[in-house]
Structure formats: structure tokens, C-alpha cells
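Some notes on the structure that comes next.
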Amino acid sequence: MSGTGLWLVGARGSVATTAVVGLLALRAKLVEPVGCVTERPEFAGVPLPTWDEIVVGGHDIVHTPLEKRAEQLAGAGLVPHRVLSAVATGLRAVDAHIRDGYHPASHAGSQASAVERLMGDLTAFRAAHGLDRVVVVNVSSTEPPVPSVPEHESLALLEEALSDSSRAVLPPSSLMAYAALKAGCAFVDFTPSPGVRLPALHELAVAQGVPYAGSDGKTGETLLRTVLAPMFTSRALRVRSWAGTNLLGGGDGANLGDPEQARGKLESKARGLAALLGEGVTAPLHIDNVPDLGEQKTAWDHVSFEGFLGARMNLQFTWTGLDSSLAAPLILDLARLVSAAHAAGQSGPLASLAFFFKDPVATEEHRFAQQTEMLSSWAQALINPQPTSNPQPAGNNPPPPPTTDRMARRDAPGIGWGLGNAREDLGQQPAGGSGRDGAGGSGGEEPRAGDGGARPDEALP
């Protein structure tokens, strides 16, 4: 066997499509690896799968052909037309490996039966291509937080509940995470959805000996915050308030225009800033749907701070970017790094990949410079892996699964597990994923149902 599978949950979304186009273009040497962190010199000796060794498949509840989605992205300025024509055959080949996602509204039977189908898709893909391992990456639309139930804390209780056809105990993103881990696949959550952050799924990952990483890809406004906030604290300047406004269109704009859907995203962003500056900073944050922006996302931040003798000053910045373009190379990076971690025998949460996420698992480190050092040191350790160890940064060992009182909300990074108060009825949440139109909350498709949130006309695993 040889090669690594990249299984995208929400495979026909903007982020996933951009990643696939980019991978095909990198293989053909049509583009430079701009934005690909793993192509930096410090990763030169790390045993990562090459671009040619990555095989792509996925789940989606939408049936728009991948080539058509790429044409739409080309029209939005994300994909050069010369690249699109060169990779069209490759896009059709990948499209043949995309399977129907799980949607609770159309699924009949227990969630356990859905898991069997999703697992079957993953194991068949791995066998058909003779792959050493498969990394499942969730890039579907954001789900709201979910209420705590005892089954989320115990794997035994969870598996019993999954067999009950009258219940939908897991939201779509977590159902996909469960299926992936059960099939022996590593899992990456690039969304703020509950996903893999349930204690029962941590238990499963450790039992199966597979790694996982997340949560919520860091591509724009939060990336800047993790760079700028440490500057204020290092210079002993007092930040009094940090207000932010996000304007976005497309599918993520429509999805996050719903306050309930946006809650997990807002909580994820707020936790990172609180970890950097403390709880005493006023930090209002708004997400507004502006359909005219399409694939583009604009973030405006106003920082009020205090200097010597109480002098009041402010910093303002505007970030305008194409989230799918920023996120896609990170998806490829994560597939390579998590595959290498799995090959090295690492399991459980990969805290050293905090560099990529707004709300990283198993660590409270949000300072970007320190996260960069963590990533580099961890990657270098992969050159001479220790199969029985999963190196974590000093002082950032993964916490034990949270107790019930922690489950009522998403707590501080490294303590909370991606949960919050939400509507009780999970049965209407699509699972099996529709793709995200943009990482970190922006994009260009309709809201997708499935595999971690989705638009109703698309499909996830």
C-alpha cells in the first residue's frame, strides 16, 4: 500500500473545490505553492506525502459537478481560467470519488446505520486506491453548538444511543467524526462545529490509535488578532476594547446570517481574543451577510488602547480576502501533517497544530509566534518519530475529558470541547456535510446541510 487519502466532508464546497484545483495544479507544476506552509524550508526533511501521493474523495449532499463548481469559482476570481482548463480531467476523476452525504431529514433508520454507510465509503476508498491511511477533513458549513447530553461524555453510552432509531444523538459533524475514527481515519475539523470535540469521540480516537486536530481554521481576521494582540501585551499597553465586524457573502454569509448558526463561530473567535488579552476587554463582534460580496470577505477591527499616563489611542485595520484561497492550501498542509503524525504512531489531539486554528484543541496557546515555534519543533520531531509518543508542548498536555459542568458551554481553549447551549432537536440538523463556501465563515455557496452543517441542496457524508 502507498499514498494518503484526503477525504473532504463538504467536497463540493468552495474551500474543498479550491483545494482540489490547487492540488491538481501543484502536481502539474502549473502554480507555485504560495500559501502552503509545508513547502517552507523548515519542513524540507519532514516525511510528508508528496502532492502526487494524495488521492482525493469526499462526501457531499449536493450534486453539482466539481468541474461546474470550479467554473463558478473561476468566475469569482479564485481559479485562473488557464488552470481550470488544464485540470478539468482531474476534477472529473475526483468527482467520481464523491459519495452522497448523510442528511437526517432524508435518512431512515438509526444513526448507527448511517455510520455503517459512511464507514463503508471510507474503507472502500482506502482499499480501492491501496492507501496507507486516510485523513478526513471537515470543511462543511458551520453548525450551531449542541446541548450537553450524557452520551457525549461516554463512548459506551454514545454507541448504545446511536442504535436507537428514535434518536439523533450526534449532530452531523460529530457523526462524521465518529465514522472516520471508527474506520481508523484521522480527523481534522476546519469548522467551529461540535465535530470531534466531544469527550466520547476523544475516547474513541485514543482507543483507535488515530490523531485528530481542530478546530475552526484561522485564515483572516483572527490570524491578524493572534499576531497583534501579543504586541500590546508585550509592550504593556492596556487594550480597553476590540470591536470587529465581518462582512461576507455566498453560502457562509447566508448560513452565518442566522444568529443561531453564527453562535459557534462568534464563540470561537471570542475565546481566542479572551485568551490573548484576558476577560476584561470589551469585544463586540458582528457577522453580517452581504450577498453582493460573493466569495469575498471583509473584516474591520477597531482597537482602543491606553498608554502611559492614561493616553487614549486606537488602531484600526481592514482585511479583505478570498477565504477559500486562504484556506485551501492549509487544508492540503493539514492532510500532509496529520498523515505524517498518524504514520509516526501519534494519536489523540494534535495540540502542536494550533497554528492553523482559531480554537485549537488541547492547548491554550493562541500567540501566533509561539504557535509557529510549536509547529516547527513538532514537525522536526517527525523526522525521527517515537511511535509510542504524541509530543505535546510543555505545559499544554491534553486535558481529561470534561465533566458535565463543562459541557454546558464551550469553555476556554484546551478546556472546552466545542459544546454550547443550542436547540434540543438535533434531528433536523443535516449531517454528512455540505461544503463550506469559505473557511472561517465566508464563502460563495448556499448554506449547505450535512457533515458539519450545510445547505439543504447539497450533501455531506
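Read the figures in this text as sums done on the coordinates, not as results from a lab. Keep in mind it's a predicted model, so treat the numbers as computed, not measured. When we count neighbours, we look across all protein chains shown, and the Cβ atoms used for this are built from the backbone with ideal geometry, even at glycine.
Take Arg312 and Glu53, extend 7 Å from each Cα along the Cα→Cβ direction, and tell me the distance between the two endpoints in nm.
Label-label distance for Arg312 and Glu53, simple model: 5.8 nm.
Can you list the lysines whose alpha carbon sits under 29 Å from that of Lys358, skipping same-chain ones fewer than 8 residues off?
Cross-link targets: Lys182, Lys218, Lys265, Lys269, Lys297.
Any idea what the dipole of the stretch 221-320 comes to, in debye rounded to 20, about its Cα centre with Lys/Arg Cβ at +1 and Asp/Glu Cβ at -1? Can you show the working numbers first?
Details: 10 positive and 11 negative charges, 112 e Å.
In total the dipole reaches around 540 debye.
When you count, for each residue, the other Cβ atoms within 10 Å and take the mean per peptide, how do 167-180, 211-224 rank with the highest first?
Values: 167-180: 29.6, 211-224: 26.7.
Going by the mean number of other Cβ atoms within 10 Å, highest first, we get 167-180, 211-224.
What FRET efficiency comes out for the pair Glu260/Glu160, r = Cβ-Cβ distance, R0 = 25 Å, nearest 0.05? Show your work: numbers first, answer last.
Details: r = 29 Å, r/R0 = 1.15.
After rounding, the FRET efficiency stands at 0.30.
Positive end of the charge dipole of the stretch 221-320 (Lys, Arg +1 and Asp, Glu -1 on Cβ, about the Cα centre): tell me which of Gly264, Gly294, Gly280 has its Cα farthest that way.
Projecting each Cα onto the dipole axis, the largest value belongs to Gly280.
Output the peptides 128-136, 37-45, 67-75 sorted from most to least packed, where packing is the average of other Cβ atoms within 10 Å over each peptide's residues.
Details: 128-136: 20.4, 37-45: 14.8, 67-75: 18.9.
Peptide ranking by packing, descending: 128-136, 67-75, 37-45.
Going by average Cβ neighbours within 10 Å, how do the peptides 78-89, 286-297 rank, with the highest at the top?
Working: 78-89: 16.1, 286-297: 19.1.
Per-residue mean Cβ counts within 10 Å order the peptides as 286-297, 78-89.
For the stretch 221-320, give the share of DSSP beta bridges that are antiparallel, in percent and rounded to the nearest 5; count only bridges with both residues there.
Working: 19 of 25 bridges.
Counting only bridges with both partners in the stretch 221-320, antiparallel ones make up about 75 percent.
Is any residue of the stretch 277-311 close enough, with backbone N under 17 Å, to a label point placed 7 angstrom from the Cα of Arg240 along the Cα-Cβ axis, and if so, which?
Counting backbone N atoms under 17 Å from the label point, the list is 280-284, 302-311.
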